[in-house]
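First up is the structure itself, then whatever we jot down about it.
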Amino acid sequence: MTASTFHTTASPAAGTAPNRVPDVTPGFWLIKLTAVTMGETAADFLAVNAGLGLQTTTLLMTAVLVAAMVWQFRQRVYVPAAYWCAVVLISVVGTLITDNMTDAFGIPLLYSAIGFSLALGLTFLAWFASERTLSIHEVFTFRREAFYWLAILFTFALGTAAGDLVAEAFGVGFAGTGVLFGLIIASLALGYFALGLDGIWAFWLCYIFTRPLGASVGDFLSQPDEYGGLGLGTITTSLAFLGIIAVTVAVMTFRRRNRA
């Protein structure tokens, strides 16, 4: 699925500066799904299996994310390694933000989902009011990229809250939650390709829903049988998806260098 440009007035700089984020291709969705799956299992591994605890893990991964974002913002073109490193770390931190709100502060998942929905909506409103566009094909200034990454952070936090709400609070389970959000994504793809759904909204909605889909897959693979999983463990699952991410990023980098 690709995202169409959504704007009212064209920027005079559009088309003259390189985009700092990737085109939306099947490879984009593959690595995004694997990144969010790894984000779920890696957060669980560090906080639980490695014994760091939720707060220490949150502080540590936030510091690593800040370093990754500095690396990303220093790029003036799309660099696969920098971009996808930022996505993986935002996935981990987004998961930890929601987990902290639920476990440390006792905020119900429903309230978290509503709060992150409002935060994401306000981000889009501020982005459009400032730039007169929400196009992901024209992210070539610091301000547009800042809006882009802020929106991504809220999609991960919202997706985590929505996925946990359905799987745990509503009792659907990991597999059932994965099937549910997979069907939602399929319906959005059908709407975009066959029914004229606006590309930019189709993109962001799919971006939100791939988070609970990936988290459900990660939990289903890693969690023990008594919790409805396959019991592969967080280490095995995280390393497997990290390998997929590394190979995909290497292929993307190789192809870009060959086109240069």
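For region 40-54, give me each residue that is surrounded by 14 or more Cβ atoms within 10 Å (Cβ to Cβ), in a helix (DSSP H, G or I) and either of a type in the set (A, V, I, L, M, F, W, C) or at pLDDT 90 or above (or both).
Ala42, Ala43, Phe45, Leu46, Ala47, Leu54 - these are the residues of region 40-54 that are surrounded by 14 or more Cβ atoms within 10 Å (Cβ to Cβ), in a helix (DSSP H, G or I) and either of a type in the set (A, V, I, L, M, F, W, C) or at pLDDT 90 or above (or both).
Name every residue in region 229-258 that is open to solvent by 40 Å² or more (accessible area, probe 1.4 Å) and not in a helix (DSSP H, G or I), in order of residue number.
Scanning region 229-258 gives Leu230, Gly231, Leu232.
Please verify whether Arg211 is charged (D, E, K, R), under 25 Å from Ala43 (Cβ atoms), modelled with pLDDT under 90 and in a helix (DSSP H, G or I), treating the condition exactly as stated.
Yes; evaluated as a whole, the condition is true for this residue.
Identify all residues within region 150-166 that are open to solvent by less than 10 Å² (accessible area, probe 1.4 Å) and either more than 11 Å from Ser112 (Cα to Cα) or at pLDDT 90 or above (or both); write none if there are none.
Answer for region 150-166, where residues must be open to solvent by less than 10 Å² (accessible area, probe 1.4 Å) and either more than 11 Å from Ser112 (Cα to Cα) or at pLDDT 90 or above (or both): Ala151, Ile152, Thr155, Phe156, Ala157, Ala161, Gly163.
What are the residue pairs meeting all of these: first residue in region 51-77, first residue of a type in the set (Val, Ile, Thr), second residue exposed (fewer than 14 other Cβ atoms within 10 Å of the Cβ) and modelled with pLDDT under 95, Cβ atoms under 6 Å, and 6 or more apart or on different chains?
Val77/Pro18
Quick check on my filter: what residues within region 124-143 are under 16 Å from Arg74 (Cβ atoms) and either polar (S, T, N, Q) or surrounded by 18 or more Cβ atoms within 10 Å (Cβ to Cβ) (or both)?
The answer is Val139, Phe140, Thr141.
Residues being over 20 Å from Glu145 (Cβ atoms), open to solvent by less than 20 Å² (accessible area, probe 1.4 Å) and of a type in the set (Gly, Ala, Ser): count how many of those fall in region 76-113.
The number of residues fulfilling the criteria is 2.
Quick check: is even one residue across region 97-108 out of contact with any Ser or Thr (no Cβ under 8 Å at 6 or more places or on another chain), of a type in the set (S, T, N, Q) and farther than 25 Å from Trp201 by Cα?
No, the conditions are met nowhere in region 97-108.
Could you run through region 167-218 and say how many residues are in contact with a Phe, Trp or Tyr (Cβ under 8 Å, 6 or more places away or on another chain), within 24 Å of Thr234 (Cβ to Cβ) and surrounded by fewer than 21 Cβ atoms within 10 Å (Cβ to Cβ)?
1
Looking at Thr57, Thr37 in this structure, which one is buried (at least 18 other Cβ atoms within 10 Å of the Cβ), at pLDDT 90 or above and not in a loop (DSSP other than H, G, I, E, B)?
Criteria check complete, one pass: Thr57.
What number goes with the only condition from (1) in contact (Cβ under 8 Å) with a residue 24 or more places away in the chain; (2) under 30 Å from Tyr78 (Cα atoms) that Val247 does not pass?
Failing condition for Val247: (1).
The values are calculated or read from the model by the stated rules, or taken from the named source; none is laboratory data. What you are looking at is a predicted structure, and each value in this text was computed from that prediction instead of being measured. Note: ideal-geometry Cβ built from the backbone for every residue, glycine included; neighbour counts use all protein chains shown. The accessibility values were calculated without ligands, DNA or RNA, using every heavy atom of the protein model including side chains. Shrake-Rupley method; radii C 1.70, N 1.55, O 1.52, S 1.80 Å.
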